Amino acid sequence: MSSTVSLKLNQDELEILVDALEADMEGYLEAAKEARGRNNAREEVETFNEAAERIQAVLNKVQALVEDED
């Protein structure tokens, strides 16, 4: 079970977080693509894709906060 954390960030910090999440997500998507290309185990591809999806969900939340601040 996960807990909720409150964190206060300014606009610049939110944008830094968005950039970092985007880069991390792109890394997982690229890893999944490479794993598929090497015909690696299906589980490895699924793991990378799942990680990218989870990052995307967090990214969506942070981007909503950035848009609310604009």
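Hey, could you check region 1-53 for residues that are hydroxyl-bearing (Ser, Thr, Tyr) and assigned to a helix (DSSP H, G or I) and say which is nearest to the chain's Cα centre (by Cα)? Per the stated criteria, the residue is TYR28.
Looking across region 30-60 at every residue that is aliphatic (A, V, I, L, M) and buried (at least 17 other Cβ atoms within 10 Å of the Cβ), the one that is farthest from SER2 (Cα to Cα) is identified as ALA35. Against the list (1) part of a helix (DSSP H, G or I); (2) surrounded by 13 or more Cβ atoms within 10 Å (Cβ to Cβ); (3) modelled with pLDDT of 90 or more, the condition VAL66 fails is (3).
The values are calculated or read from the model by the stated rules, or taken from the named source; none is laboratory data. These figures come from a predicted structure and were not determined experimentally. In this analysis, Cβ positions are derived from the backbone assuming ideal geometry, glycine residues included, and neighbour counts consider all displayed protein chains.
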